[in-house]
Amino acid sequence: MQDRNLFEYAVIRVVPRVEREEFMNVGVILYCAKHKYLKMVYQVDKERLQAFFKDIDTDGVEENLRSFQRISDGGKDAGPIGLLDAPSRFRWLTATRSTVVQTSKVHPGFCIDGDETIGRLYKQLVL
């Protein structure tokens, strides 16, 4: 029997007007401690986002998401948070915040392959 490993994931959302609590899913972040796996995938459909909220700064949203991506990837170019270990970066990225780019609550699951799982979650929850 193949080994399944515990993973955690959150959906990345764009919340154009925080006070209204309306959002559009744009990505997924997945963390698996056993495999030291942390990955984020996202895509912004500018046309769909502007249909959702016509005055949104799509360039600003994309810059925020690129910052999330750099932190997820880790390293010096991601600032001090990017230098933390993968579990700390995941917790920082999924912390509750009241900004235009937010994440859902963290959800657990079991997987064999992180890349396959994040791809499946992305298709189910974003596309």
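About its Cα centre, how strong a charge dipole does region 48-113 have in debye, to the nearest 20, once Lys and Arg get +1 and Asp and Glu get -1 at the Cβ?
Numbers: 9 positive and 9 negative charges, 50 e Å.
Roughly 240 debye for region 48-113.
Which residue, Leu121, Pro16, Ala33, has the largest displacement toward the positive end of the dipole of the chain when charges sit on each Cβ (Lys, Arg +1; Asp, Glu -1)?
Positive-end residue among those listed: Ala33.
Between Lys34 and Gln124, how high is the FRET efficiency from 1/(1 + (r/R0)^6) when r is the Cβ-Cβ distance and R₀ = 25 Å? Nearest 0.05.
Details: r = 23 Å, r/R0 = 0.91.
So the FRET efficiency works out to roughly 0.65.
Can you sort Arg120, Arg20, Arg70, Arg89 by how many other beta carbons sit within 10 Å, fewest first?
Arg20, Arg120, Arg70, Arg89
Extent of region 41-86 along each principal axis, from alpha carbon coordinates, in Å, largest to smallest?
38, 17, 11
If r is the Cβ-Cβ distance from Glu47 to Arg20 and R0 is 25 Å, what FRET efficiency results, to the nearest 0.05? Don't skip to the answer; put the middle values down first.
Details: r = 21 Å, r/R0 = 0.82.
Efficiency at R0 = 25 Å is approximately 0.75.
Starting at the first residue of region 71-78, write each ³J(HN,Hα) from the Karplus equation 6.51 cos²θ - 1.76 cosθ + 1.60 with θ = phi - 60°, in whole Hz, x for Gly and Pro.
Karplus-based 3J(HN,Hα) across region 71-78 equals 5, 4, 5, x, x, 4, 6, 9 Hz.
Could you work out the relative contact order of region 5-125, using alpha carbon pairs under 8 angstrom and six or more residues apart, expressed as a whole percent?
The value is 34 percent.
Nearest 20 debye, what's the magnitude of the dipole of the chain about its Cα centre given +1 on Lys and Arg Cβ and -1 on Asp and Glu Cβ?
300 debye
On alpha-carbon atoms, Rg over Rh for the chain using Kirkwood Rh?
Using only Cα positions, Rg/Rh for the chain is 0.98.
Between Leu84 and Arg66, what is 0.36 nm times their sequence separation minus the Cα-Cα distance? Round to one decimal in nm.
Contour length minus the Cα-Cα distance gives 4.7 nm.
No value in this document is a laboratory result; all are computed from the given coordinates. Computed from a predicted model, the values in this text were never measured in an experiment. Because the Cβ atoms are built from the backbone with ideal geometry, glycine has one as well, and the counts that use them run over all protein chains shown.
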